[in-house]
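Input: a single structure, listed below in structure tokens.
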Amino acid sequence: MASLAIPEVEEIEVVYGLEGAVEATSRYQRLAAAFTAKYGQAPEVYARAPGRVNLIGEHIDYEGYGVLPMAVRQDTIVAIRRGGDKLVVANLEAAVYPDIEFGTDPAQPVDVVNHTWGNYFLSAYKGVFEHLASKGVAAPPAVGLQVMVHGTVPLGSGLSSSAAIVCASSLAVAAVLGVAGSLTKGDVAEFACSAERHVGVNSGGMDQAISVMGMPGVAMLVEFNPVRATDVQLPAGATFVIANSMAVSKKAETADRRYNLRVVECRLAAMLLAVALGKAPAEAAGITTLKQVEPAIIDKYGPGAEEQDKAVRELLHEGVYTPEEVRAPQASPLWLGCCGSATWLPTLQ
């Protein structure tokens, strides 16, 4: 699945099925009309990416372990064309999401202090250029882009509206710049995950992977390093009820005290566990996931969940670890390892 090319389709039924085609057609027509009214010309390209629900594996993707999500019908569409000398990002629901403008420099920073919804598009824009640079591919010239977005994934609902807009924006930018043909689904899943970190969230990769690689009628076993996905057929006739509690959690805006805090705590725990298993602090500082420590646990305690639980209980103490413990001379590279990331520092502070 990860090695497949990004699909291009012209028939809306291919994406939304016969049942959803009428409603989806009306939605695309409204988006096209609003885009043309604003920019004076029709979009060159539309890109879309769905939200997701997760069946098995909560908060373990950033520890390197596989998860079992599936895509949902709700999605984000990005209409785009080349034009002007800025990145102009508009939304079909303009009263809620006002227009945002950015320069065209792919190296510009994302303002995470003054967070706006347009930051997700800018992160994706940066991600496309960063991916090309990482592959040694000459990037096309940065040009002005005219953009309009519409999403049906409920904001802050736990269905990954952020991944949907970042993935859809990544696909739209790549397509309009003429580089989408060189990308695989795995490429987009990987760099969209890295790109979303520009908004200040240390994402583990599940959300972007299923948004790009999800297929109708199946869940996906998503694994990492490198990202890959395997179809898991759902039971015939099964119905999944996705209930919206209406409690909004804006991950990017609360990352330092919620999502990122868990990521930092887990990474520090993995590093300290590695040191307790005999790794030098400087080597342990390079560890980013608990899965990287698993071989050392198996070597000392043997395979199996019970042995891993025993290792943790013996090698780590209960209760809170103080900053002094982590900053201790023998562990100082661990602290420096965490502080090496700009998105980690606000959480540590």
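The values are calculated or read from the model by the stated rules, or taken from the named source; none is laboratory data. Computed from a predicted structure; not experimentally measured. Neighbour counts are summed over all protein chains in view; Cβ atoms, including those assigned to glycine, are modelled from backbone coordinates with ideal geometry. Heavy atoms of the whole protein, side chains included, go into the accessibility calculation; ligands, DNA and RNA do not. Shrake-Rupley method; radii C 1.70, N 1.55, O 1.52, S 1.80 Å.
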Residue list for the stretch 50-83, restricted to those being within 22 Å of PRO226 (Cα to Cα) and aliphatic (A, V, I, L, M): VAL53, LEU55, ILE56, ILE60, VAL67, LEU68, MET70, ALA71
Odd one out for ASP61 among (1) charged (D, E, K, R); (2) crowded, with 20+ Cβ neighbours inside 10 Å; (3) farther than 26 Å from ALA243 by Cα: (3)
Near pairs, Cβ below 7 angstrom, 6+ apart or cross-chain, from the stretch 1-29 (surrounded by fewer than 13 Cβ atoms within 10 Å (Cβ to Cβ)) to any residue that is not in a loop (DSSP other than H, G, I, E, B): SER3/THR184; SER3/GLY186; LEU4/THR184; LEU4/LYS185; ALA5/THR184; VAL9/VAL15
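Which of the residues that make up the stretch 226-243 are of a type outside the set (Val, Ile, Thr) and surrounded by fewer than 12 Cβ atoms within 10 Å (Cβ to Cβ)? Steps first, answer last, please.
Restricting attention to the stretch 226-243, the residues satisfying the condition of being of a type outside the set (Val, Ile, Thr) are 226, 228-229, 231, 233-238, 240, 243.
Hits for the stretch 226-243 are PRO226, GLN233, PRO235, ALA236, GLY237, ALA238, PHE240, ALA243.
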For VAL96: the one exception among (1) out of contact with any Asp or Glu (no Cβ under 6 Å at 6 or more places or on another chain); (2) of a type outside the set (Ser, Thr, Tyr); (3) more than 27 Å from THR289 (Cβ to Cβ); (4) buried (at least 20 other Cβ atoms within 10 Å of the Cβ): (4)
Residue that is surrounded by the fewest Cβ atoms within 10 Å (Cβ to Cβ), among those in the stretch 104-147 that are in contact with an Asp or Glu (Cβ under 7 Å, 6 or more places away or on another chain) and under 22 Å from LYS185 (Cβ atoms): HIS131
Where a residue in the stretch 312-325 is of a type in the set (A, V, I, L, M) and its partner, wherever it lies, is open to solvent by 70 Å² or more (accessible area, probe 1.4 Å) and at pLDDT 95 or above, with Cβ under 9 Å and at least six apart: none
Residue in the stretch 165-173 that is among the small types (Gly, Ala, Ser) and at positive phi present: no
Residue within the stretch 175-183 that is among the polar types (S, T, N, Q) and modelled with pLDDT of 85 or more present: yes
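Hey, does the stretch 234-241 have a residue that's of a type outside the set (Gly, Ala, Ser), more than 30 Å from THR116 (Cβ to Cβ) and part of a helix (DSSP H, G or I)? Please lay out each step first, then the result.
Step one: of the stretch 234-241, the residues of a type outside the set (Gly, Ala, Ser) are 234-235, 239-241.
Those still in the list that are more than 30 Å from THR116 (Cβ to Cβ) too: 234-235, 239-241.
The next check asks that each one be part of a helix (DSSP H, G or I); those that pass are none.
For the stretch 234-241, residues of a type outside the set (Gly, Ala, Ser), more than 30 Å from THR116 (Cβ to Cβ) and part of a helix (DSSP H, G or I): absent.
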